[in-house]
1. Pairs, please: C-beta under 7 Å, at least 6 apart or cross-chain, first residue over 26 Å from E168 (Cβ atoms) and in the stretch 37-65, second modelled with pLDDT of 95 or more and assigned to a loop (DSSP other than H, G, I, E, B)?
2. Within the stretch 68-99, how many residues are in contact (Cβ under 8 Å) with a residue 40 or more places away in the chain, of a type in the set (D, E, K, R) and over 27 Å from K162 (Cβ atoms)?
3. Answer yes or no as to whether G105 is crowded, with 19+ Cβ neighbours inside 10 Å, in contact (Cβ under 8 Å) with a residue 24 or more places away in the chain and small (G, A, S).
4. Given the structure, is G145 at pLDDT 95 or above, more than 18 Å from S29 (Cα to Cα) and among the small types (G, A, S)?
5. I want to confirm something. Restricting to the stretch 115-168 and keeping residues that are assigned to a loop (DSSP other than H, G, I, E, B) and polar (S, T, N, Q), which single residue is surrounded by the most Cβ atoms within 10 Å (Cβ to Cβ)?
6. I'd like the full set of residues that are outside any strand (DSSP E or B) and among the acidic types (D, E), limited to the stretch 1-51.
7. Considering the stretch 130-162 alone, what residues qualify as being under 23 Å from Q70 (Cα atoms) and of a type in the set (S, T, N, Q)?
Amino acid sequence: MHFTETNLKGCFILEPKLFHDDRGFFMESFNENTFEKGVGQKVHFVQDNQSFSSKGVLRGLHYQTGEHAQAKLVRVLSGEVLDVAVDMRPESPTYGQSFSILLTGENQKQLFIPRGFAHGFLVMSEKAVFFYKCDNFYNKESEGGVIYNDPALHIDWQFSEKELIISEKDAVLPTLENAKKVW
C-alpha cells in the first residue's frame, strides 16, 4: 500500500498493490498495522457504510461534530465518483480548503479523511457503489454540513447544476461561514 498526503494535512490517498494474473487480481484493501503506519496515527474503525447511486447524484458535504466527529476511509467498489474532502478544522492552516480525487472501481484508490473534515461525492459513471469505514458511530444530533456549491470552497464538481441530483436536505445546507463548528 502506498500512502500520499494531500494538500490537506492528515488527509491521505491510499493506493493498494494489485496482484494480477489470468484470473483477475487480488489486493489487500485494509490492514490496520499498515494503515496506522501510513497515516501516522491510531484509527479504530467501528462502522462500515455502503451506498448505491446513479450518475449525477451528489451526496454531501457532510460531517459529524464534537465527540461524534468521524474519520472515514472511502473507496469505490464499482463505477466512478469525484470524491471531495473539505478541511473544517478552524485551527488548521488549510481551513476551508478542499481536495478532490477520482475514485473508481478500476483504480482501487482510497481516501482517508480525518476527523474535522466535511466529505461528499458526485457519481460520474452511470452507477456507482461507494463504501466507507468510520471510526465513530453516526449521531443525528451531531450532523453538520456545508452546501456543495459554496463559492468560498472553489470546488469544481465537473457537472452543470442541472445535471446534479441532490437531496432536499443537502440542497439547503449552510455555507462554510454559517456552518456548525466541528469542535
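The values are calculated or read from the model by the stated rules, or taken from the named source; none is laboratory data. Since the model is a prediction, treat every value here as computed from it, not as a measurement. Heads up, the Cβs are rebuilt from the backbone with ideal geometry, glycines too, and the neighbour counts pull from every protein chain shown.
1. From residues that are over 26 Å from E168 (Cβ atoms), the pairs are V43/A71; V43/D135; H44/D135; F45/D135; V46/D135; V46/N136; V46/F137.
2. Going through the stretch 68-99, the residues in contact (Cβ under 8 Å) with a residue 40 or more places away in the chain turn out to be 68-82, 84-90, 92-94, 96-99.
Subset that is of a type in the set (D, E, K, R): 72, 75, 80, 87, 89.
Then drop every residue that is not over 27 Å from K162 (Cβ atoms), which leaves 72, 75, 87, 89.
Going through the stretch 68-99 one residue at a time, the tally reaches 4.
3. Values: crowded, with 19+ Cβ neighbours inside 10 Å: no; in contact (Cβ under 8 Å) with a residue 24 or more places away in the chain: yes; small (G, A, S): yes.
No, not satisfied.
4. Answer is yes for this residue.
5. Only one residue fits best here, namely N136.
6. Narrowing the stretch 1-51 to residues outside any strand (DSSP E or B): 1, 6-11, 16-18, 22-23, 27-46.
Listed by number, the residues that qualify are D22, E28, E32, E36.
7. Matches in the stretch 130-162: N136, N139, S142, N149.
Residue by residue, here is whether (1) more than 24 Å from Q47 (Cα to Cα); (2) in contact with a helix residue (DSSP H, G or I) (Cβ under 9 Å, 6 or more places away or on another chain) holds:
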| position | (1), (2) |
| --- | --- |
| S92 | yes, no |
| S98 | yes, yes |
| I101 | no, no |
| G105 | no, no |
| Q110 | no, no |
| A118 | no, yes |
| N136 | no, yes |
